[in-house]
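Visitor: This is the structure I want to talk about, given as structure tokens.
Rule-based calculations on the coordinates, nothing more; no lab input. Just so it is clear, the structure is predicted and the values come from calculations on it, not from any experiment. Don't worry about glycine lacking a Cβ; one is built from the backbone with ideal geometry, like all the others, and counts go over all protein chains shown.
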Amino acid sequence: MLRFITQSDRFRKLRIAVLLMFIVILTGVVGYIIIEDSTFLDALYMTVITISTVGFKEVYTLSELGQTFTIFIIIISWITLAYSVSVITTYLIEGEMNLLFSSYRKKSEIKKMENHVIVVGYGRNGRQAVHDLLESKQDFVIIERDHQLVLNNTSNDIKFYEGDASDDEIMLDVGVKKARAIIITLPDDANNLFIALTARSLNPNIYIISRATSESTEKKLEMAGVNHVIMPEKVGGSHMAALVTKPDLVHFLGQISLKGDHETNLDEIMCDSLSKDKKETTIGNLNIRSLSGANIVGFKTPEGKYIINPSPETRMMPNSKLFVMGTPEQIDKMKRLLKTGKV
């Protein structure tokens, strides 16, 4: 099985090569000082011309022991130099070759992707988005123009595509026409706006989420067709204020997660995926609470209206959606019940 060498492996070998060269020089200097009673500068000069094999004249006539020591230094320095050159050469070109091979493999995988998410930028916001997408087992690809950042992550299973997301060709290469959503996380509002326009022009139905830093940009992004605009500073400030004004409520909501690694989760279920006998029935007739332990806490109508705590008379309809809350086991049980009619 082919193994990619990580950036930390390359740094470790580079450090070893530098350390070995330093040890050889130090050994030569100390050796000449002890054997030939040299000054530090003369010992360093003899060591350097011996290691580099430049052929300059010795500063003094060597004793037999000094000649033997010089032969030893030459042999050891050749071995060390050969290793160091190999490591440095590998460090310089292997990363590029690794990136080239990895990029070719991942580009082939990207071409086959459908209904995936495109993440633009791998900064702080992008990394968090990727972390959550990984936990949700959602297929995604990252567009990043920082070459070194892409190079540092070639050993990861994450799919990177190096390039400028405002370029139509790059967008087409990452399958924007087949993607279901794009998350734009760049710190520059102008870039985010242009990328949003590019994505919308190539795929009118794609779901666009973009970062913004100002309210004026937020309005422009919405006019450009962005479905949701997120302002991290505003969200963070509101959360901190809520911790002061309503700390218990914030901590309570913190116990509810959209992911399966918490005790209580929120999830959504499309009514189109229900079994035939449960389509167009009412929430009351589903009897979800008693059969699975999960709770239906919200409902989205086909027109896009959200109903909190829907009544038992609310009827399932095509293109509507249920929002449910419970433990991961309860939610899984509920999904099986709704799709198959069996627990």
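Visitor: I'd like the orientation of helix 64-111 relative to the chain: the angle between its Cα long axis and the longest Cα principal axis, in ° from 0 to 90, rounded to 10.
Guide: That works out to roughly 20 degrees.
Visitor: Skipping prolines and chain starts, which residues have an amide H placed within reach, meaning under 5 Å, of the one on residue 163, given they are 5 or more residues away or on another chain?
Guide: Long-range HN contacts for residue 163: 144, 145.
Visitor: Could I ask something else about it? As an exercise, identify the trypsin sites (Lys or Arg not before Pro) in region 290-343 lying in DSSP coil whose Cβ has no more than 15 other Cβ atoms within 10 Å. Walk me through the numbers on the way to the answer.
Guide: On the way: sites: 300, 305, 315, 321, 333, 335, 336, 339, 342; in loops: 305, 342.
Sparse-neighbourhood loop trypsin sites (Lys or Arg not before Pro): 305, 342.
Visitor: Pull up all non-local amide H partners of residue 207: gap of 5 or more, or a different chain, and H-to-H distance under 5 Å with H placed in the peptide plane.
Guide: 181, 182
Visitor: Here is a further query. With r as the distance between the Cβ atoms of residue 40 and residue 306 and R0 = 56 Å, compute the FRET efficiency 1/(1 + (r/R0)^6) and round to 0.05.
Guide: E(calc), rounded to 0.05, equals 0.10.
Visitor: Give, in nm to one decimal, the length gained when the segment between residue 64 and residue 339 is fully stretched (0.36 nm per residue of separation minus the Cα-Cα distance).
Guide: Extra length available between residue 64 and residue 339 comes to 90.0 nm.
Visitor: If the only charges are +1 at each Lys and Arg Cβ and -1 at each Asp and Glu Cβ, what is the size of the charge dipole of the chain around the Cα centre, to the nearest 20 debye?
Guide: It works out to roughly 1700 debye.
Visitor: Can you give me the Cα centroid spacing of region 118-166 and region 180-230 in angstrom?
Guide: 17
Visitor: Taking the Cα centre of region 113-236 as origin, work out the dipole magnitude from +1 charges on Lys and Arg Cβ and -1 charges on Asp and Glu Cβ, in debye rounded to 20.
Guide: With only Lys, Arg, Asp and Glu charged at Cβ, the dipole is about 320 debye.
Visitor: Between residue 111 and residue 22, what length in nm is gained on full extension when 0.36 nm per residue of separation is reduced by their alpha carbon distance?
Guide: Working: separation 89, 0.36 × 89 = 32.04 nm, distance 4.87 nm.
Roughly 27.2 nm would be gained on extension.
Visitor: Rounded to whole Hz and in sequence order, give me ³J(HN,Hα) for region 175-185 from the Karplus expression 6.51 cos²θ - 1.76 cosθ + 1.60, θ = phi - 60°, writing x for Gly and Pro.
Guide: Listing the rounded values in order: x, 4, 6, 9, 7, 9, 7, 9, 10, 9, 10 Hz.
Visitor: Kirkwood hydrodynamic radius, computed over distinct alpha-carbon pairs, for region 182-308: how many Å, to one decimal?
Guide: Averaging 1/r across every pair of different Cα atoms and inverting gives 18.1 Å.
Visitor: Also: Just add up the charged neighbours of residue 19: K/R +1, D/E -1, any other residue whose Cβ is under 12 Å from the Cβ of residue 19.
Guide: +3
Visitor: Which three extents, in angstrom, do the Cα atoms of region 113-236 have along their principal axes, listed largest first?
Guide: Projected onto the principal axes, the Cα atoms of region 113-236 cover 40, 31, 27 Å.
Visitor: A further question follows. Of all the stretches in the chain, which is the longest one without any exposed loop site, taking chymotrypsin sites (Phe, Trp or Tyr not before Pro) in a DSSP loop (any state but H, G, I, E, B) with at most 15 other Cβ atoms within 10 Å?
Guide: Longest stretch, sites excluded: 61-343.
Visitor: Rounded to the nearest 500, what is the chain's calculated 222 nm mean residue ellipticity when only DSSP H runs of at least 4 contribute -39500 (n - 2.57) each, over all residues? Working shown, then result.
Guide: On the way: 13 runs with 182 residues, N = 343.
Roughly -17000 deg cm²/dmol at 222 nm, from the helical runs in the chain.
Visitor: I want to check the label-to-label distance for residue 124 and residue 71. Put each point 7 Å from Cα in the C-beta direction and report it in nm to one decimal.
Guide: Going from the residue 124 label point to the residue 71 one covers 6.3 nm.
Visitor: Can you tell me what percent of all Cα-Cα pairs in the chain are more than 40 Å apart?
Guide: Counting pairs separated by more than 40 Å, the tail of P(r) holds 41 percent.
Visitor: Which cross-chain or sequence-distant (5 or more) residues have an amide H under 5 Å from the amide H of residue 140, H modelled 1.01 Å from N in plane?
Guide: Amide H to amide H, under 5 Å and 5 or more residues apart or across chains, residue 140 pairs with 117.
Visitor: Any idea what the dipole of region 262-340 comes to, in debye rounded to 20, about its Cα centre with Lys/Arg Cβ at +1 and Asp/Glu Cβ at -1?
Guide: Computed about the Cα centre, the dipole is about 200 debye.
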